[in-house]
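For reference, the structure discussed in these notes is given below.
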Amino acid sequence: MDLYEYQARELFQQHGIPVPDAETVRTAREARAAAERLGGRAVIKAQVKTGGRGKAGGVKPAADPAAAELTARQILTMDIKGHRVHQVMVARPVAIEAECYVSYALDRAAGHFLAIASAEGGMDIEEVAATRPEAVARIPVDPGQGVTADKARDIAAAAGLPPATAPVLQRLWQVLTAEDALLVEVNPLVRTDDGDILALDGKITLDDNARFRQSRWGDDTDTHDDPLEAAAAGKGIGYLRLDGEVGIIGNGAGLVMSTLDVVAGCGARPANFLDIGGGASATVMADALSLVLADPKVRSVLVNVFGGITACDAVADGIVTALDTVRLTKPLVVRLDGNNAVRGRAILAERAHPLVQQATTMDGAARQAADLANDAAAV
Ligand code: GDP
Ligand code: MN
């Protein structure tokens, strides 16, 4: 999960990384008041979880509180790459002498982190990286050793950053480890005319696997613009909407991914990814079915479950209970295999719902669901 700039800024502050004075507000009126408190002049910055705000017109200077109000009003109506702006940061302007780029990112393939740094940071860093890769230093960081004072000096020297940035580089590593982040990025990290080092922008991606211990980041509305995805997130279900017509429900990310592939192989397009996870209780199954059926593009639904710790009879019970609470409007193909599959199939057969049919193999189930979706399309 990505954090907003203002949230990243908060973490930087907590870890002793200097940032400009700023307030984050939801209305133009509040932006004016914030600019007044900052002494009049301000930079108004859209708070959206996407980069390139500057180039999109989402970062603008304002000469006085009245201008801050006007600019904030305009930025608050913006949509930047599909992200609606709901909040703006009102920041004290900084006289920039040099703009650097710094990040730590996980290099999964190499099994270590990578410090990426450049003395030529700012809005054109992508172009710098593409045209003059030698201007961007990439230094491996052993996660066991981390960024010590020495290592921070090495990184700064390799990238040609001002030596005064080294303590910030070290603290930025502490942000990464303490906050369970997979990525921390500061662009630009600036040296001001007064020689101060300031983090002027921040991007942090948290490791979702560590969410249980970073629970204070509740508000994740920006990443769930899709109402069904937002509803699923609220219920703790891993749901991702796709473009097709076959609704998919399965247990375990790997099985669900393969199910998407097999359905595609049968000439139909999956409508979603939905992983009910390990505990396929009746409630979870009912929630999953309602979610998938709420997508108007869905023409058939495929439930593909391999019983493990959660046995197939429990899943079948879940489906039967769900059929009492959710009105089934599309044909449902169920494939149960693994632990207690025979018992599970018997439970479904006994319920004998006219729109539910069973298959014994994954390929067979995918074929049936694909054909049902394609037949429905032909009508
Ligand atoms: P991004 O485009 O989404 O990365 O947004 P940034 O927060 O990085 O802002 C874009 C650019 O605006 C920065 O690279 C700076 O050049 C400029 N900028 C942002 N804040 C200030 C400021 O306080 N003073 C000055 N002079 N420039 C700023
Ligand atoms: Mn930036």
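The values are calculated or read from the model by the stated rules, or taken from the named source; none is laboratory data. The structure displayed is predicted, hence computed values, not measured ones. As a convention, Cβ positions derive from the backbone with ideal geometry for all residues, glycine included, and neighbour counts pool all protein chains shown. Remember, those area values only see protein heavy atoms, side chains included, never the ligands or the DNA or RNA. Shrake-Rupley method; radii C 1.70, N 1.55, O 1.52, S 1.80 Å.
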Only bridges whose two residues both fall in the chain count here: according to DSSP, what percent of them are antiparallel, nearest 5?
70
Which Rg and Dmax, in Å, describe the Cα atoms of the stretch 124-267?
20.9, 65
Using a/c under 1.5 as the rounded threshold, could you call the stretch 321-379 rounded, prolate or oblate? The axes a ≥ b ≥ c are square roots of the C-alpha gyration tensor eigenvalues, and prolate needs a/b larger than b/c, oblate otherwise.
oblate
Let me know the whole percent of all Cα-Cα pairs from the chain that are separated by more than 31 Å.
51
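Label the stretch 241-330 by shape, choosing from rounded, prolate and oblate, from the square roots a ≥ b ≥ c of the eigenvalues of the Cα gyration tensor; if a/c is under 1.5 it is rounded, and otherwise prolate applies when a/b is larger than b/c, oblate when it is not. Provide the component values of the computation, followed by the final result.
On the way: a/c = 2.17, a/b = 1.23, b/c = 1.76.
Oblate is the answer for the stretch 241-330, as a/c is 1.5 or above yet b/c matches or exceeds a/b.
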Length-normalised contact order of the chain, Cα under 8 Å, at least 6 apart, in percent, tallies to 12
Treating the beta-carbon of each Lys and Arg as +1 and of each Asp and Glu as -1, no other charges, what is the dipole magnitude of the stretch 154-197 about its Cα centre, to the nearest 20 debye?
100
FRET efficiency for Arg37 and Thr283 from the Cβ-Cβ distance with R0 = 45 Å, rounded to 0.05, comes out at 0.40
Mean accessible surface per residue for the stretch 21-91, computed with a 1.4 Å probe while every protein chain stays in place, in Å²
47
Once amide H atoms are placed 1.01 Å from N in the peptide plane, what residues at a sequence separation of 5 or more from Asn339, or on another chain, have their amide H within under 5 Å of its amide H?
Gly307, Gly308, Cys312
Ignoring ligands, DNA and RNA, what percent of the accessible area of the chain is carbon or sulfur (1.4 Å)?
52
Going out from 0 in 5 Å bins, what whole percent of all Cα-Cα distances in the stretch 21-91 drops into each bin?
4, 22, 34, 23, 12, 4, 0
Report, in whole Å, the centroid distance computed from the Cα atoms of the stretch 49-80 and the stretch 148-213.
26
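Please find the FRET efficiency linking Glu350 to Leu255, where r is the Cβ-Cβ separation and R0 is fixed at 22 Å, and quote it to the nearest 0.05. If you can, show how the numbers build up before the last one.
Numbers: r = 25 Å, r/R0 = 1.15.
E(calc), rounded to 0.05, equals 0.30.
To the nearest 0.05, how large is the calculated FRET efficiency for Thr361 and Lys297 if R₀ is 30 Å and r is the Cβ-Cβ distance?
0.70
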Quick check for the chain: number of Lys pairs with alpha-carbon distance under 17 Å, counting only pairs 8 or more apart or on different chains?
10
Cα gyration tensor, the stretch 226-378 - rounded (a/c under 1.5), prolate or oblate
rounded
